[in-house]
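Engineer: Structure in structure tokens, see below.
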């Protein structure tokens, strides 16, 4: 058999196997966990960004195991309302996610976002390793120049994330006419989108 023909036949057999292998490789994803007040608002903001694969509302930063929403509302569990963001690092970086965090809420109000008051509404970033902690701290330092008051955001290790009840997930998408979404989430989302537009090169 001529070398050219042999090479062609070999390629014909190997190419499908290569394609199957390439298609079967799982996408590399990473996670970021943060809280900036009511998780309905933070979830709605991050769900609009390219590269974000999922946003799960939940609880973290406290000591109570398997907390419920009712537990959280007492302010005695130590947990904050947070979101866990799964993203494609090829399309959006952790640094970008954290840099936009300062646009998504007011990080200068202690244990409060607007009318939502309590430790469960505190501003918090929970990190899983030293590299993410450093990135969050550096972003916080840069962001301080945008605010007159000190940023009070906590940056702490993530010990455990507890997903919230099903009715909290995708709350803005599923309940766009809910009074809270009309009064709070929608204006925050519009403000966030306006900030993104200002960052675009002109």
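Engineer: Against the definition (touching a residue at least 12 places away in the same chain (Cβ under 8 Å), exposed (fewer than 15 other Cβ atoms within 10 Å of the Cβ) and either touching a helix residue (DSSP H, G or I) at 6+ places or on another chain (Cβ under 8 Å) or over 30 Å from residue 68 (Cα atoms) (or both)), how does residue 146 come out, yes or no?
Structural biologist: yes
Engineer: Could you grab me the full set of residues in the stretch 176-190 that are part of a helix (DSSP H, G or I) and surrounded by 13 or more Cβ atoms within 10 Å (Cβ to Cβ)?
Structural biologist: 180, 181, 184, 185, 186, 187, 188, 189
Engineer: Here is a list of conditions, (1) in contact (Cβ under 8 Å) with a residue 24 or more places away in the chain; (2) in contact with a strand residue (DSSP E or B) (Cβ under 8 Å, 6 or more places away or on another chain), and residue 50 meets all of them except one; can you say which number that is?
Structural biologist: Among (1) in contact (Cβ under 8 Å) with a residue 24 or more places away in the chain; (2) in contact with a strand residue (DSSP E or B) (Cβ under 8 Å, 6 or more places away or on another chain), residue 50 violates only (2).
Engineer: Can you tell me which of 92, 72 is modelled with pLDDT of 95 or more, in contact with a strand residue (DSSP E or B) (Cβ under 8 Å, 6 or more places away or on another chain) and assigned to a helix (DSSP H, G or I)?
Structural biologist: 72
Engineer: Could you list, in sequence order, the residues of the stretch 62-111 that are out of contact with any helix residue (DSSP H, G or I) (no Cβ under 9 Å at 6 or more places or on another chain), touching a residue at least 60 places away in the same chain (Cβ under 8 Å) and within 19 Å of residue 31 (Cα to Cα)?
Structural biologist: Those that are out of contact with any helix residue (DSSP H, G or I) (no Cβ under 9 Å at 6 or more places or on another chain), touching a residue at least 60 places away in the same chain (Cβ under 8 Å) and within 19 Å of residue 31 (Cα to Cα): 84, 88, 89, 90.
Engineer: Which of the residues belonging to the stretch 149-175 are out of contact with any strand residue (DSSP E or B) (no Cβ under 8 Å at 6 or more places or on another chain), surrounded by fewer than 13 Cβ atoms within 10 Å (Cβ to Cβ) and not in a helix (DSSP H, G or I)?
Structural biologist: Passing the criteria: 149, 150, 165.
Engineer: OK, next. Could you count how many residues in the stretch 149-194 are more than 26 Å from residue 61 (Cβ to Cβ) and touching a residue at least 60 places away in the same chain (Cβ under 8 Å)?
Structural biologist: Count: 1.
Residue by residue, here is whether (1) farther than 13 Å from residue 94 by Cβ; (2) surrounded by fewer than 18 Cβ atoms within 10 Å (Cβ to Cβ) holds:
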residue	(1), (2)
114	yes, yes
122	yes, no
136	no, no
141	yes, yes
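Engineer: Considering only residues that are assigned to a strand (DSSP E or B) and under 9 Å from the mean Cα position of the chain (by Cα), look in the stretch 39-56 and name the one that is surrounded by the most Cβ atoms within 10 Å (Cβ to Cβ).
Structural biologist: 55
The values are calculated or read from the model by the stated rules, or taken from the named source; none is laboratory data. Quick caveat: nothing in here was measured; it's all calculated off a predicted structure. Note that each Cβ is placed from the backbone with ideal geometry, even for glycine, and that neighbours are counted across all protein chains shown.
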